[in-house]
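A.B. asks: Below is a structure I'd like to ask you about.
What follows draws every value from the coordinates through simple rules; no lab data is involved. Bear in mind the structure is a predicted one, so any value in this text is a computation, not a measurement. When we count neighbours, we look across all protein chains shown, and the Cβ atoms used for this are built from the backbone with ideal geometry, even at glycine.
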Amino acid sequence: MRKKIVAGNWKMNLNAEEASNLVNGVCTALENIKLDESIHIVFGPPAPYLPLVKSMIPSILTETALVAAQNCHSEPKGAYTGEVAASMLSDIACDYVILGHSERRKYFKEDNELLNKKVQQALANDLEVIFCCGESLEQRNAGVLFDVVKDQLTAIFDLSEEDFKKVVIAYEPVWAIGTGVTASPEQAQEMHAYIRKLIAEQYSEAIAENTTILYGGSVKPANAVELFANADVDGGLVGGASLKDADFVDIIKAIV
Ligand code: 13P
């Protein structure tokens, strides 16, 4: 059975005190929610707070509540001032790394070739990857949404089967990120089913069935239940609503 995941991408938000309060609030609530082993709850703080967040997760939740970095470098080490290597994330017991987010594609010009290297680095260092893809509004309106996502996925489709099993895909339509406009459950399901079909063609039906595909883009307590109810939507990658413990907990409840 494939994993279900609710992951929070904090982006460049919160300070240490706010981070502590948020993680405390969520973990306290999680102790009272019945989560089975197939569910992962992931906190994605800015890199400096990863050790703090990891250390705050109570031992009873260490299998369930995990942490994600928001980026890693494409090379193993060297003269890359300001960058963080995948091995360093692994060294501080980070579990996941988010790669391919549309903000990084846009502001840091990350393309398929670079992302392929980053994914390879992450997997070589025992991190699981949350790989983001998604079309812009112009691309959706032009009817090329499926071509765009297919092209973005080529950055991970040369992975071995063993490596691909450590990848979670997050479909995040750019027009839904931070806009308050959410994809309809039908739009999300349509793209998730398409992504799963591509994986089946590239790898196998069994691998496609076992791949977790998250939806991201203005997920909130008010829409999480109907989004997560879709057959191919296995959880969410949440931005703004992951910064408030009550909202994040309500979204988690929608996956249970
Ligand atoms: P919002 O939930 O704020 O739209 O952000 C989504 C996102 O970019 C998660 O990676």
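A.B. asks: In what sequence, highest mean first, do 159-169, 29-39, 112-122 appear when ranked by Cβ atoms within 10 angstrom?
C.D. replies: 112-122, 159-169, 29-39
A.B. asks: Which of rounded, prolate, oblate describes segment 1-80, given a ≥ b ≥ c as roots of the alpha-carbon gyration tensor eigenvalues and a/c under 1.5 marking rounded, otherwise prolate only if a/b is larger than b/c?
C.D. replies: oblate
A.B. asks: A follow-up question, please. Simple spin-label model, 7 Å along Cα-to-Cβ: residue 165 to residue 137 in nm?
C.D. replies: Distance between label points: 4.2 nm.
A.B. asks: Sticking with this one: With each pseudo-label sitting 7 Å past Cα toward Cβ, what's the residue 92-residue 17 distance in nm, one decimal?
C.D. replies: 2.1 nm
A.B. asks: Would you work out the relative contact order for the chain, in percent, from Cα pairs under 8 angstrom that are 6 or more residues apart?
C.D. replies: Contact order relative to length: 21 percent.
A.B. asks: Please list, in order along segment 169-182, the HN-Hα scalar couplings obtained from phi with the Karplus expression 6.51 cos²θ - 1.76 cosθ + 1.60 (θ = phi - 60°), rounded to whole Hz, x for Gly and Pro.
C.D. replies: Values per residue, Gly and Pro as x: 9, 10, 8, 10, x, 4, 5, 9, 7, x, 9, x, 8, 9 Hz.
A.B. asks: Order of 243-252, 193-202 by packing, highest average Cβ count within 10 Å first?
C.D. replies: Answer by packing, highest mean first, reads 243-252, 193-202.
A.B. asks: Beyond 12 Å, what share of the Cα-Cα pairs of segment 89-133 remains, rounded to the nearest whole percent?
C.D. replies: Roughly 58 percent, rounded to a whole number.
A.B. asks: Here is a follow-up. For residue 236, enumerate residues with amide H under 5 Å from its amide H, sequence gap 5+ or separate chain, H modeled in the peptide plane.
C.D. replies: So residue 236 has HN proximity to 5, 6, 7, 215.
A.B. asks: Projected area of the chain, taken from the Cα convex hull and averaged over every viewing direction, in nm²?
C.D. replies: 12.6 nm²
A.B. asks: Please compute P(r) over all alpha-carbon pairs of segment 120-256, binned at 10 Å starting from zero, and give each bin as a whole-number percent.
C.D. replies: 12, 43, 34, 11
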